[in-house]
Amino acid sequence: MTERLTIGEFSRITHLSIRALRRYHEQGLLVPAEVDPATGYRYYAPAQVRPALTVKRFRELDLPLPDLRRFLEAEAAGAADRGAAQGIVAAHLRRLDDRLGRTQRAVQALRELLDPEAQRAVSLDVLPPQRVLAVSVDVPPGAGLEWYDAAMRDLDAAAGRRPVLSPGGRYEHSLFTEGHGRATVYLPAEPPPGPEASAVVREVLLPERTAAVATHSGPHDDLDLTYAAVGSFAARSGLRSGDLVEEVYLVGPRDTDQSDRWRTLVAWLVDSEGAGAPG
């Protein structure tokens with residue numbers, strides 16, 4: 001090599017510690033341009049400065065090692081794999097944006113919790129009877145949201161092109177407290193189900209029901225605060241909770257990908273006897 005830098009010189013140029021450079025070498029992320037076979041001394045080329053700093057930034061941004069290796073391999077392949085490299089970066093930036101959004105919403109929720117004057121508006125209301133198409137699911141422990149997506153696909157097929165109102169769901173409290181339980185996803189639509197309807201879709205008449213009600217604004221990260229508000233309202237009012245809570249997705253992901261515009265009605269169902277007139 002006509003130009004080579006000792007590991008110490010390369011460390012001073014990049015502000016990467018010698019320990020970090022050794023670790024990058026061991027992990028296969030930044031292999032020295034030359035390693036003396038007799039002494040084991042590592043030597044780097046000036047052209048490796050930018051790749052070294054790139055690796056450093058990706059590690060600071062918690063890019064997983066397998067993804068970083070795939071990125072470096074794609075970059076080394078040049079134009080042939082440039083799209084693959086960009087795809088890895090784009091996917092990680094989306095993850096970072098999601099994480100940042102969650103952090104910001106967690107901070108907002110914490111500020112609300114620490115503010116004794118902050119209260120979410122709750123009222124006692126009576127939800128009218130409603131005829132819906134519904135799919136009921138016994139959600140097992142550890143399940144994701146695939147069951148909900150599958151239920152909505154079945155309901156959309158059953159409704160066909162007929163106009164429908166906002167979808168909703170009725171959930172046993174155990175779904176949240178134990179991680180499993182009965183869920184019924186519904187879609188208000190004129191029966192009967194269309195010819196494309198799955199056998200799991202049935203017609204249901206939701207009865208009149210009394211509930212402590214609040215409208216949750218924005219994404220669902222802090223939906224627990226709205227649940228706490230309606231549940232506390234019911235407890236303070238001496239209302240006996242039912243077995244179910246109901247959600248109505250007034251504006252949701254089906255309507256817009258801007259989560260700050262989402263509106264979710266949360267109805268904490270209570271025993272109608274002794275509930276009194278809604279205020």
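Scanning region 39-85 for residues being of a type in the set (A, V, I, L, M) and closer than 20 Å to residue 20 by Cα gives a total of 11. Within the option set 53, 63, 68, being outside any helix (DSSP H, G or I) and either among the aliphatic types (A, V, I, L, M) or in contact with a helix residue (DSSP H, G or I) (Cβ under 6 Å, 6 or more places away or on another chain) (or both) holds for one residue only, 63.
Listed by first and then second residue, the pairs with beta-carbon distance under 6 Å, at least 6 apart or on different chains, first residue in region 44-64 and closer than 21 Å to residue 5 by Cα, second in a loop (DSSP other than H, G, I, E, B) and at pLDDT below 90, are 46/3.
Quick one: count up the residues across region 144-181 that are over 22 Å from the mean Cα position of the chain (by Cα) and outside any helix (DSSP H, G or I).
Summing the residues that are over 22 Å from the mean Cα position of the chain (by Cα) and outside any helix (DSSP H, G or I) in region 144-181 gives 6.
Selection over region 2-22 of residues that are more than 15 Å from residue 54 (Cα to Cα) and assigned to a helix (DSSP H, G or I) gives a count of 7.
Cβ contacts < 7 Å: first residue in the same structural domain as residue 166 (by TED's automatic domain parsing), restricted to region 177-198; second residue charged (D, E, K, R) and outside any strand (DSSP E or B), any location; separation 6+ or different chain. Result? Filtered contacts from region 177-198: 189/162; 190/162; 198/154. Looking across region 160-189, the residues that are within 18 Å of residue 250 (Cα to Cα) and of a type in the set (A, V, I, L, M) come down to 164, 165, 185, 187, 189.
The values are calculated or read from the model by the stated rules, or taken from the named source; none is laboratory data. Just so we're clear, the structure is a prediction, and the values are computed from it rather than from any experiment. Heads up, the Cβs are rebuilt from the backbone with ideal geometry, glycines too, and the neighbour counts pull from every protein chain shown.
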